[in-house]
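Heads up, the thing below is written out as structure tokens.
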Amino acid sequence: MKKKFTLEIANPCSENFNKMIPNATGSFCNSCAKNVIDLSKKSNSEVAKFIAETKDTNICARLRVTQLDQEFEHNETSRINNLKYAAVAASILLASNVSGQEKTPIKTEINCPKPSHYLQGKVAQNNIVRQELLITVKGKLLEDITHKPFDRKMYPNLTLSINGSEKTFRINAKTGEFSIPVKVFKSDKTLIITITGDDYYLSKEIPFAIESVTNKVLQRDIIIAEGELTRIMIAGGLGINYK
């Protein structure tokens, strides 16, 4: 059965997430001695799966503000039905084994005519290999109206990753410059950029063409609107509203 729900935060927490102790699922808050689960970078399906697996528990989570306006959905399977299906399947398997043992196999002999012609040759194989390249993307992160770097006081510690690069690279606060090694395929038409700050997050696709790469370097400025950076906040006890 599919269940739909939305998330809410009754009392947002004022603790600084960046001063907490990082762990595998988010960070540990010393003030309340609880783990804060970081859901801000997860997709809707990943959030729904997490909520389904941890329902009826008190969750302290970190969310994007936009996630509070979204509707989530997950499939909930009844444990009783599962047990019924398992019992029926077991009985059918047992019955088939018993009937199989009672029947004596009948030997049959089939005379197949021999083919008069034989075809010889090689089986054609179509192996398409996508060639992965390592390039360096260089440019500046700029605000679309002013075409200047983002205000480092309002947006401190901005970092950038492209195509899920293992490391995030800090944007030069004065110039907006960055230089990032990125793995791409020749057939790629877009790059996925992920920008994070202390309390902000953005993930989006930008156009890409391999023809723009020269000597394994892509010169490309990333220009985004200030409103595209989504605010992140901490939920001091995550509320779940089922529909």
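The values are calculated or read from the model by the stated rules, or taken from the named source; none is laboratory data. Not measured: the values here are computed from a predicted model. No Cβ is skipped: glycine too gets one built from the backbone with ideal geometry, and neighbour counts run over all protein chains shown. For accessibility, only protein heavy atoms count, side chains too; no ligands or nucleic acids. Shrake-Rupley method; radii C 1.70, N 1.55, O 1.52, S 1.80 Å.
Summary of computed values
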quantity	calculated
Where a residue in the range 180-202 is over 17 Å from V137 (Cβ atoms) and without any contact (Cβ under 8 Å) to a residue 24 or more places away in the chain and its partner, wherever it lies, is open to solvent by 40 Å² or more (accessible area, probe 1.4 Å) and outside any strand (DSSP E or B), with Cβ under 6 Å and at least six apart	none
Selection within the range 154-177 - out of contact with any strand residue (DSSP E or B) (no Cβ under 6 Å at 6 or more places or on another chain) and among the β-branched types (V, I, T)	T175
Meets criteria (modelled with pLDDT under 55, closer than 30 Å to T6 by Cα and open to solvent by less than 100 Å² (accessible area, probe 1.4 Å)) for N81	yes
Residue list for the range 213-226, filter: open to solvent by 80 Å² or more (accessible area, probe 1.4 Å) and in a strand (DSSP E or B)	T214, Q219
Residues within the range 176-212 that are part of a loop (DSSP other than H, G, I, E, B), open to solvent by less than 50 Å² (accessible area, probe 1.4 Å) and at negative phi, tallied	5
T146 being open to solvent by 60 Å² or more (accessible area, probe 1.4 Å), under 18 Å from Q131 (Cα atoms) and over 21 Å from the mean Cα position of the chain (by Cα)	no
